[in-house]
Amino acid sequence: MDAKDILGLHKNSFPSSLDNKKSRPPKESQRKPDGISREVYALTGGMPPLMPSIDASQLKKKPPTHEKVTWQWLPFTNSARKDDLHLYHWVSHNVRVVNGVLPTGDYSFAKYNKSVDIIKYTDEEYEKYLTDPMWTKEETNELFDLCERFDLRFVVIADRFPSSRTVEELKDRYYSVLRAILLARAASSGDIATHPIIKEPYNVSQEMERKRALSMVLSQTRQQEKRDEEVLIEAKRIAELRMASKVTEQSQLAVASNADAELTERAVPGETVSPSNVQLPQMVVPSADNASTLASLRMLRVYLRTYALEQMVQASNATAGVRTIKRVEQTLQDLGVNLKPRVPTKAVCAEHLELRREILTWLNLQKQVQYKEAEGSSFRDGSYGETPGTPKDRTFIPDSLNFGGERVGKKDQKRKGHGAPPTAAHKRPRKQKASDL
Amino acid sequence: MSQSQTLPLKRHQDENPRDDDSSDIKPSRLKISLPSEDSDKKILIKRVKDVEICVPIVYGTIAFFLGRKASESQSHKWTVYVRGASNEDLSAVVKRVVFQLHPSFNNPTRVVESPPFEISECGWGEFEIAITLFFHSDACEKQLDLYHHLKLYPEDESGPQNTKRPVVIESYNEVVFPEPSEAFLARVQNHPAVVVPRLPDGLNLPSPVPVEPMNDKERGDTKDHPLNHWFLNFSEADELLKLAAARQQVQAHIVKLRRQLTLMEGLPQSKQPSG
C-alpha cells in the first residue's frame with residue numbers, strides 16, 4: 001500500500017512532471033520559431049532577426065513540381081555567323097512556342113559576339129600617310145588582318161605573325177598607323193583631340209623599359225631581395241644616426257649643467273650617486289623628447305611660434321593619458337591661463353610650457369599621495385583612530401587636492417563606511433593589498 | 001638613399017657620423033647646407049646655427065557694417081591683412097602674400113606683391129581665409145600658411161550694428177627662422193620688423209645685399225595706416241605676469257605635496273602587520 005501510495009504519488013508526480021514537460025515544450029515552441037533550433041535562436045538574442053531568415057523547413061521540401069515540361073527539337077540560326085548554318089536544338093515548352101516555329105528573338109548567345117572595330121585604310125591613304133622604312137605594306141596589311149581576327153590580342157598576334165616581331169613593335173606599328181589615319185581623316189584637330197590614342201600616344205621605349213623593370217622585379221631572387229632590404233635598413237640607420245647626433249648634441253647642451261652636478265657627486269660616497277643616476281634618466285627622457293622635437297623644428301626652414309609650442313606640448317603630453325591631459329587643461333583654466341597664449345612670444349611660450357610641465361608634476365604628486373594613502377589604509381583595515389599623524393594629513397589632502405580631486409573625497413567616505421579599499425575606480429589599492437597578504 | 005631635405009655637413013666634424021662620442025662639444029658656428037632645389041647648381045648656403053630670428057606679425061580682419069548702403073549681397077566692407085606686430089614694414093622679409101578668399105568671390109586668389117599686405121572686399125558672409133606668406137629667397141624657399149576666420153557680426157547681438165564700430169579680430173604670431181642664412185641675417189639684423197638675438201662674437205657676416213624693392217610707395221610700414229587705430233595691442237607683459245603667478249601657485253602646491261609625501265613615508269612602516 002505504501003509502495004502504491006508512493007508509486008501513486010510518484011505516478012502523480014511523474015505525470016505532473018511529464019505534463020510540465022509536455023506543457024513546457026509547446027510553450028517554448030510557441031515562442032521559438034520553427035525551422036531553427038532553440039539554441040540558434042538564443043544566439044540571435046532571443047529576438048526575431050530583422051532580416052527574414054531562410055525558412056529552413058522550406059529547404060527540406062521538394063521543389064515545386066510543375067506540370068510536365070515538353071521539349072521540342074527545333075532549328076535555329078545564329079546571327080553571329082556569317083554562313084547560313086541551320087542547326088537544331090531542344091527548346092523547352094516553357095518558352096512560348098507555336099508548333100514548329102522558332103521562338104522569337106535571335107539565338108540568345110549571339111549578342112556576346114563582340115569584336116573590335118579595326119580601322120581600314122585605303123591604298124591611297126597608305127601611300128600618303130602610313131609608309132614606314134621598317135614596315136612593308138604587306139606586313140602592315142597582315143598585321144591589321146590579324147588584329148581584326150584576334151581582337152587586338154597582341155600576344156596572340158605576335159605569335160601568329162609570319163615574321164618574328166616583338167609585341168612592342170607590333171603595338172607600335174598598329175598605334176602609329178591608327179594615330180596617323182585619325183589625324184589625317186579628322187576635319188580639324190579638335191575633333192579627335194579626346195581620342196585616347198591622340199591624347200597619349202604609344203611610347204615604345206617606355207613600354208619596353210617598363211616591362212623590363214617589371215620582369216626584373218618579378219625575377220629577383222630571394223638573395224637579392226634580402227640584399228635590397230639590408231641596404232634600405234642601413235640607409236635608415238644612417239639617417240637616424242644623423243638625427244641622433246643632433247639630438248645628443250642638443251641634450252648635451254641641455255643637460256650640460258646636470259652633467260657637471262653628476263661629476264661633483266661622484267666624489268661623494270655611493271648612496272648619493274644612485275639618486276643622481278635615478279634622477280638623470282628621468283631628466284633625460286623628457287629632454288630627449290623635447291630634444292627630438294627641437295631638432296625636427298630646426299629642420300624646418302621656417303615655422304610659426306604657435307606651431308612650435310603645439311609640438312612641444314604634444315611631446316610633453318606624450319607620456320600622459322587623455323584624462324591627465326584634460327586635467328592639465330582644466331587646471332590651466334582654473335588658474336586663469338589661456339590654453340593657447342594670446343601673445344605667443346618666445347618668452348611666453350617658454351613660460352607656458354614650463355607651467356604645463358609643473359602642472360603635470362603636481363598631478364603626478366597628487367597621484368602618489370593618493371597611492372600612499374591607499375597603502376596606508378590597506379594596512380589599517382578600517383581602524384582609524386589609532387593613527388596619530390594621519391588625521392592631520394587627512395585634512396590636508398582634500399584641501400590641496402581640491403583642484404580636480406573630488407574623487408579623493410568620495411574615497412574617504414567609502415573607507416569610513418566599510419573599511420574596505422575603494423572598489424571600482426582605483427584598482428591599485430586592491431592589487432597592493434593582494435600582494436601584501 | 002636620397003634625402004629631399006638639406007644634407008647638413010658640419011665643418012669640423014669627421015665624415016663618419018657614428019663618431020659622436022669623440023666629437024667636440026662646441027658645435028661649429030657655421031653650417032653649410034645644400035638647398036634641395038638647386039641640386040644641379042650646387043650652391044652652398046652658409047647658415048648661422050644657434051641664432052634664431054623671428055618676425056612678430058599680426059594678421060586678421062576688420063569688418064564694417066555698411067548700414068544704409070548695405071544690400072543683400074554686400075552688407076559689410078572688410079579688410080584682411082598681415083602686418084608687423086609693431087607696425088613695421090614686413091616687405092624686408094615677406095616677398096608676397098596670397099589671400100585665398102571664398103570661391104564665390106571674383107578671382108578668389110588675391111596676390112599682394114607689396115606692402116601693405118591686405119585685401120579689402122565687400123560681402124555678406126563669414127568664411128575662412130587662407131593666407132600664405134612667401135618669403136624672399138635668401139630667407140626661406142618654403143611658404144607659410146595661416147588661416148583666419150572672417151567675422152562680420154559682433155559677439156553680442158544687442159541691437160542694430162553700428163557702422164562706426166567695426167568687428168576686429170586679430171591674431172598674434174611669430175614667424176621663426178631657426179637657422180637663417182648669412183645673407184638674410186646680414187640684411188635684416190638691424191631691421192625694426194625683425195627680432196634678432198644677441199649675435200655671438202666672432203661672427204663675420206657678409207655685407208648686406210638689398211633685395212629689389214617692390215614697393216612703389218616709399219613706406220611699407222603700417223604706422224600711419226588708415227585703420228591703425230583699430231589695431232589691437234599685443235603685449236607679452238600681461239601674459240607673462242599671469243603665467244608667472246600661475247607657476248608660483250603650482251610650485252607652492254608641489255612643495256606642499258612633497259612635504260606630505262615625506263611625512264607619509266615615515267608612517268606605514270611602523271604600522272606593518274607582523275606575519
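When a footprinting reagent is the concern and you count Cβ atoms within 10 Å, what order do A:T221, B:T61 take, fewest first? Please list the in-between numbers first.
Details: A:T221 8, B:T61 23.
Neighbour counts put them in this order, fewest first: A:T221, B:T61.
³J(HN,Hα) across region B:191-201 via Karplus (A = 6.51, B = -1.76, C = 1.60, θ = phi - 60°), whole Hz, x for Gly/Pro?
7, x, 7, 10, 9, 10, x, 5, 7, x, 6
What number, in percent, do you get for the relative contact order of region A:303-378 if the mean sequence gap of Cα pairs under 8 Å and at least 6 apart is divided by its residue count?
Details: 26 pairs, mean separation 28.2, N = 76.
Contact order relative to length: 37 percent.
Could you point to the residue in A:I325, A:L339, A:I359 farthest towards the positive end of region A:303-378's charge dipole, with +1 and -1 charges on the Cβ of Lys/Arg and Asp/Glu respectively?
Positive-most Cα among the choices belongs to A:L339.
Give me the one-decimal Kirkwood hydrodynamic radius in Å for region B:50-101, with the sum taken over alpha-carbon pairs. All intermediate terms of the calculation are to be shown ahead of the outcome.
Values: mean 1/r = 0.0731 Å⁻¹.
Its Kirkwood hydrodynamic radius stands at 13.7 Å.
Search the structure for amide H atoms under 5 Å from the amide H of B:K95, placed 1.01 Å from N in the peptide plane, and list their residues when 5 or more places away or on another chain.
For B:K95, the qualifying residues are B:F134, B:F135, B:H136.
Looking at this model, which pairs from A:K226/A:K246; A:K346/B:K46; A:K340/A:K372; A:K246/A:K340; A:K326/B:K242; A:K226/B:K49 are more than 32 angstrom apart at the alpha-carbon?
Numbers: A:K226/A:K246 30 Å; A:K346/B:K46 25 Å; A:K340/A:K372 34 Å; A:K246/A:K340 29 Å; A:K326/B:K242 21 Å; A:K226/B:K49 40 Å.
Result: A:K340/A:K372; A:K226/B:K49 exceed 32 Å.
Per residue and in cubic angstrom, what volume does the convex hull of the Cα atoms of region A:303-378 have?
Values: hull volume 6.5 nm³, N = 76.
Normalising the Cα hull of region A:303-378 by residue number yields 86 Å³.
Sequence gap at least 6, Cα distance under 8 Å: using those rules, report the relative contact order of region B:110-218 to the nearest whole percent.
Numbers: 83 pairs, mean separation 25.0, N = 109.
After rounding, I find 23 percent.
Quick one: net charge around A:F144, please, counting Lys, Arg +1 and Asp, Glu -1 for every other residue with C-beta under 15 Å from its C-beta.
Once all neighbours under 15 Å are counted, the net charge is -3.
Using the 10 angstrom Cβ neighbour count as an exposure proxy, how do A:M134, A:M243, A:M51 rank, fewest first?
Working: A:M134 9, A:M243 15, A:M51 6.
Listing A:M134, A:M243, A:M51 from fewest to most nearby Cβ atoms yields A:M51, A:M134, A:M243.
Order by neighbour count: A:S57, B:S75, fewest other Cβ atoms within 10 Å first, most last.
In increasing order of surrounding Cβ atoms, one gets A:S57, B:S75.
Kindly identify region B:168-237 as rounded, prolate or oblate by the Cα gyration tensor criterion: order the square roots of the eigenvalues as a ≥ b ≥ c, call it rounded if a/c is under 1.5, otherwise compare a/b with b/c, prolate if a/b is larger, else oblate. Before the final figure, lay out the partial values.
Values: a/c = 2.89, a/b = 1.52, b/c = 1.91.
Oblate, since a/c reaches 1.5 and b/c is not below a/b.
For region A:123-218, what does the alpha-carbon gyration tensor say about shape, rounded, prolate or oblate, given a ≥ b ≥ c as the root eigenvalues, a/c under 1.5 as rounded, and a/b over b/c as prolate?
Values: a/c = 2.08, a/b = 1.27, b/c = 1.63.
It is oblate, given that a/c is not under 1.5 and a/b is not larger than b/c.
Have a look at region B:54-195 and give its Rg and Dmax from the Cα atoms, expressed in angstrom.
Looking at region B:54-195, its Cα Rg and Dmax stand at 16.9, 56 Å.
The numbers here are math on the coordinates, done by the rules we state, and not lab data. All figures in this text were calculated on a predicted structure; none of them were measured in a lab. Neighbour counts run over all protein chains shown; Cβ positions are idealised from the backbone, glycine included.
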